[in-house]
1. Just checking: which of the strands (runs of 3 or more DSSP E) contained wholly in segment 205-246 hold 2 or more residues that are assigned by TED's automatic domain parsing to the domain that holds Pro158 and over 22 Å from Asn47 (Cα atoms)?
2. Could you tell me whether Phe224 is surrounded by 14 or more Cβ atoms within 10 Å (Cβ to Cβ) and within 22 Å of Ser89 (Cβ to Cβ)?
3. Might you let me know whether segment 158-171 holds any residue that is within 20 Å of Val285 (Cβ to Cβ), surrounded by 17 or more Cβ atoms within 10 Å (Cβ to Cβ) and at pLDDT below 85?
4. Being in contact with an Asp or Glu (Cβ under 8 Å, 6 or more places away or on another chain) and either under 14 Å from Ser103 (Cα atoms) or buried (at least 19 other Cβ atoms within 10 Å of the Cβ) (or both) is the filter here, so list the residues in segment 48-79 that pass it.
5. Every residue in segment 206-219 that is surrounded by fewer than 17 Cβ atoms within 10 Å (Cβ to Cβ) and on the phi < 0 side of the Ramachandran plot, please.
Amino acid sequence: MAKGLFFIRTSMIRMCYIFIILVVVIFKSNAQIKGAVLDSTTNTPLNYVLVYFKNTSKIGTYTNNDGTFILPSPERKDTLVVSMLGYTSKYIPINQGIESQNSTILLQELPIQLSVLNVIPQKKQDFRIGNNSRFSRMGYNAAFSSWYYELATYFAKPKFTEDLYIQSLSIFMYNREVFGKGLVRVKLYGAGAENIISKELINRTFQIEVERGRLKGKWYEVNFNELSVPPIAIPKDGFFVSVEFLPTSSSKQHGNSKGVHIGFGKKDRRYVLENLGQGWRPALVQQIMPGYSPMIQVKLSN
């Protein structure tokens, strides 16, 4: 009888330990990191800020229109990165399973910085480079990404005796989102050795809203003169035009604007890279469809 009671008591103690361990594990797995990102000067919310873990690139998100974000707590000790071009980045240590709610993160806006500064001569000559296909033979979107996708196209510096500057750029896109708009963010990078991406040409991004339900597509222009942007000089090793696909209200659950497609044409073959949050690599689309490149045109002047 005593042995039986001892066995029952031991079993109950073990079950209690197991129950406590399960509760702790469940609590840790459901722990979340919540916060809001604001401009440090104006205290206004910043939307489309990148928030992700430094050592776990597959887990990340963008801030909402009110600057808020939610991420699951990391499985191991990590660093939370809060970053947007044109602002100082924040790096916040996060312990395993720790829950953080309503944290306010302030980012300081940086002055406009250009990688190359030159004096523009009075006499000016304009011309265009890039893919001038009349219509898109295929489109490419962020279907293979989880939460982040960026596509970059390389442009070599044309043979010209004088310095060249970017006046504007045009991108051919269409949007298959039936119920909502599509959003992309354009960036300009310099090119390093072997056509790899280096430092940004300008520490600013340029957002484009892509009309919904427009299956035939159209050209969308970013005019830097109209935006009062300082002259952007082309480095001797060339430059990249990148398009980052942003989340919208209709695409939030899927990570980003998967309905937005960039048109691809066959007239102008260019080197294309992609970034799924784990660094740059040759774009899969050019392995599937060699000979095609994004329909992007850049207007230059001396």
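The values are calculated or read from the model by the stated rules, or taken from the named source; none is laboratory data. A quick note: this is a predicted structure, and the numbers were derived from the prediction, not measured. Cβ coordinates were reconstructed from backbone atoms using ideal geometry, including for glycine residues, and neighbour counts include every protein chain displayed.
1. Once the strands (runs of 3 or more DSSP E) in segment 205-246 are filtered for at least 2 residues that are assigned by TED's automatic domain parsing to the domain that holds Pro158 and over 22 Å from Asn47 (Cα atoms), what remains is 214-223, 239-246.
2. Taking the combined requirement at face value, the residue does not satisfy it.
3. No.
4. Across segment 48-79, the qualifying residues are Phe53, Ser73.
5. Phe206, Gln207, Glu209, Glu211, Arg214, Leu215, Lys216, Lys218, Trp219
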